[in-house]
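Heads up: the structure comes next, in C-alpha cells.
Only the coordinates and a few stated rules stand behind these numbers; no lab work does. Just so it is clear, the model here is predicted, and its values are computed rather than measured. Glycine gets a Cβ as well: all are built from the backbone with ideal geometry, and neighbour counts include every protein chain shown.
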Amino acid sequence: MKLEPITRVEGHLGVDVKIDGNVYTEANVEITMFRGFEILLKSKKVELAPNLTEKICGVCGATHALVSTETLEMAKGVYPSEGYIDFRNIAYSLADIMYNNVVVAFMFEAIDFSSNFVSRYNPSLFNKAKETYCTYKDRHGYVRVSDLLQQLYFSGEIYKTALKVQTKIREMATLIWLRYPQPVSLRAGGLEIRDQNADQKIKDGIKGIKGDIDRLLYVAKELREFFVGMYKDIGEDFITYGLLEPHEYDATYENMSYWASKRYFPPALVKGGEIVSRDLREILLGVRVDVEGTPYEKWTRSIERDSLGNEVDERHPWNKETRLKVSGRNYLFHVRQNIGKEEFLPTTGDIARLYAYRKIKGKPKAFDEEWEYKSNDVMERFFARVFTVAFLAEYLLNVEVSRNFKTFSLGKESEMAVGAHDAPRGGNAHWMIAKQGVIQRYEIITPTDRNFSKGGPVEKSIVGQKVTEETGVTGLDVLRVVRSFDPCSACAVHIFNKKGEKIVSIQAVP
C-alpha cells in the first residue's frame, strides 16, 4: 500500500507499507523533494546564514534562525548578555515551541481521533466512547469521551479553542521576534528589542489564555488514557540537544559542554532508558550521516580533528558535502547516533526532552499535572507535545528577566562552528566551515532527518503495529504514527538547479 501524499504535515512525504495477517510488516518512508540550502549557502558571507536558513520552513522558521545565529556567534566570537538571552528564550518558547505544538497536536493529529474518524474506522471503540464517562470533566467540561471526540474535528469547539490559542501565542511572539515565522530581530551577539516591556505584556497574555491551555492539557490527558495501548511502544532511546539558553552561554566550542548542561531543558543521549551522555559537544561529535542507496554522492574526509583535537568521523556533518549524483523519488539520507562503538537511531522530540528533564532535574510539572513516562508511542508523543505547551506557559509566567543588554566579544574567530538547539520536533543542528568570513561548507541535520531515517523511529513504529481499523484497511494507523512525530519535510528538502539556471520567475504586483 502506498500512502502519498500524506496531508496535515509540513512538506511532502509518503510511506510504502506491507500488511500480513492484520499487522504492518514493512515500511519505507519517502520524501520526494530535495533540500538545496546547503548548496545555496556555499560561498556566501557567514552573516547571511541566519537570514537564508530561516526561510527553510514557513511554519517554524525561528528554530533555524536561532540555531544559525548561534553558529554564527561561535564563528565570530561574540555572544549576548543575560537580557538578550532571556528575551530570546521567551520568544522561542512562544514560537516556535508552544505555537507549533498547539497547531500540530490539535489541528493535525487530534482530527484523526475525532468522532468523524473513530466512528467510521473504529466503530466498536466509538461505542465504548459513548459509554465512557470522562475522568477530567471538571477541567475540560465534557461528560462522555464521545462528547469530547465530537469536538476535535474541523470547526469543533476544541479545534476552535486551539486555533484561538495558537493565534494569540504567535501574536505575543512577534513582540520580540518582530516578524514570524521568519524573525527579523535576531543578530549575532544580541537582539533588536523595540519594546523592553514585552516580557510583562507576554505574561499578561499568557494569563489571558491560561484557562484555554489548561483545558487543552486535560483534553489531551483524556485522549491519552482512553486510547492507551493502541499503538506500538518503540522503547526508551532518545536524543535531545536541550532547550533555552542559560546566562552562562558564551557561544564557545571549548565551553559548550558546560553552558549547554545549564539549559532549562538539558541535553541528553538516552539508550535503553539510561543516560549515556549529557555532554552536548560529545553528542554532536557522535552524529553520523549515511547516503548509501540514496541519490546523494559520497564525500571524502577533509576534517580530521576539531579545534580541541577530538576526532571528526568521515560521516560527520563537518565532513559532509551535499551533492546529487542522480535525481530520484526519495531524498532522505540516514542519520545515526554514535556512542562508543555503537550506533543507534534514537527518537527526538518533546517526549525526549521531557524524558531527559525528568531523569536529570526531576518530574516536570505544569498546571497541577506531573509528567510521567509511560511509553514511546503515538498517544504518549501527542500528550508530551501538549504537556510542553503547559510547561512553557508556567515558565513564561514565572521567568525573571535581566535588563542587561550588551554584546560581548571574545576577540577571536573560529573556522569551525556548530549551533544546536531543539526545534519543536527535536534536535536541530547546523555545522559550518568558514574561511575569511566566507562559508566553505554548511550542513543541516533536522529532527525529521533523524526520526524518518531508514530503520529509524517512524519505520520502527509502523513495523509490527496491528491494524486497528475494523471496516477495511486505509492506512489510518500509519498516518497517526507519522503525524505523531510532527514531520517537517520542508526542513529536509528543497529544490535546486545544479546548472544555476532559472527555475521560475515571479513578478510581485504592488
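General remarks:
- Among Asn310, Val458, Tyr180 - extreme Cα towards positive end, dipole of the chain, charges at beta-carbon: Tyr180
- For the chain, the longest principal axis of the alpha carbon atoms and the long axis of helix 61-76 meet at an angle near 20°.
- Counting only alpha carbon atoms, the long axis of helix 198-226 and the longest principal axis of the chain meet at about 50°.
- For Lys454, the residues 5 or more places off, or on other chains, whose built amide H falls under 5 Å of its own are Val335.
- Kirkwood Rh, Cα atoms: Rg over Rh of region 286-327: 1.03
- Residues with amide H under 5 Å from that of Val78, placed H, sequence gap 5 or more: Leu410
- Over 19 Å between alpha carbons, listed pairs Lys207/Lys374; Lys55/Lys203; Lys137/Lys232; Lys76/Lys298; Lys76/Lys406: Lys207/Lys374; Lys55/Lys203; Lys137/Lys232; Lys76/Lys298
- Within-13-Å neighbourhood charge of Val276 [Cβ basis; K, R +1; D, E -1]: -3
- Under 5 Å, built H, 5+ apart or other chain: amide partners of Gly475: none
- Of the trypsin sites (Lys or Arg not before Pro) found in region 217-312, those in coil by DSSP whose Cβ has at most 16 other Cβ atoms within 10 Å are Lys262, Lys298, Arg301.
- Relative to the longest principal axis of the Cα atoms of the chain, the long axis of helix 350-361 lies at roughly 70 degrees.
- Residues Asp86, Asp214, Asp233, arranged from fewest to most other Cβ atoms within 10 angstrom of their Cβ, appear as Asp233, Asp214, Asp86.
- Note, ³J(HN,Hα) from phi for region 100-109, Karplus 6.51, -1.76, 1.60, rounded to Hz, x at Gly and Pro: 4, 5, 5, 4, 5, 5, 9, 10, 10, 7
- The magnitude of the dipole of region 342-389, with charges of +1 and -1 set on the Cβ of Lys/Arg and Asp/Glu and taken from the Cα centre, is near 200 debye.
- Separation in nanometres of the label points that stand 7 Å from Cα toward Cβ, at Glu342 and Thr7: 4.2
- Approximate shape of region 36-115 as ellipsoid semi-axes (Cα gyration tensor, √5λ), whole Å, largest first: 30, 19, 6
- Charges were assigned to the Cβ only: +1 to each Lys and Arg, -1 to each Asp and Glu. The resulting dipole of the chain about its Cα centre is roughly 840 debye.
- Here region 192-276 is treated with +1 on each Lys and Arg Cβ and -1 on each Asp and Glu Cβ, and its dipole about the Cα centre works out to around 340 debye.
- Of the GluC sites (Glu not before Pro) in region 241-297, those whose Cβ has at most 15 other Cβ within 10 Å and which sit in DSSP loop: Glu248, Glu254, Glu292, Glu297
- Principal axis dimensions, largest first and in whole angstrom, of region 308-423 by Cα: 53, 45, 32
- Take the Kirkwood radius over Cα pairs of region 2-491, plug it into Stokes-Einstein at 37 °C and 0.692 mPa s, and you get 144 µm²/s for translational diffusion.
- Phi angles of region 384-392 translate, via the Karplus equation with coefficients 6.51, -1.76, 1.60 and θ = phi - 60°, into HN-Hα couplings of 4, 5, 6, 4, 4, 4, 5, 4, 6 Hz per residue; Gly and Pro are given as x.
- Mean residue ellipticity, 222 nm, helices only, the chain: the sum of -39500 (n - 2.57) across DSSP H runs of n ≥ 4, divided by residue count and rounded to 500, is -10500 deg cm²/dmol.
- Loop-located GluC sites (Glu not before Pro) in region 64-123 whose Cβ has at most 11 other Cβ within 10 Å (DSSP): none
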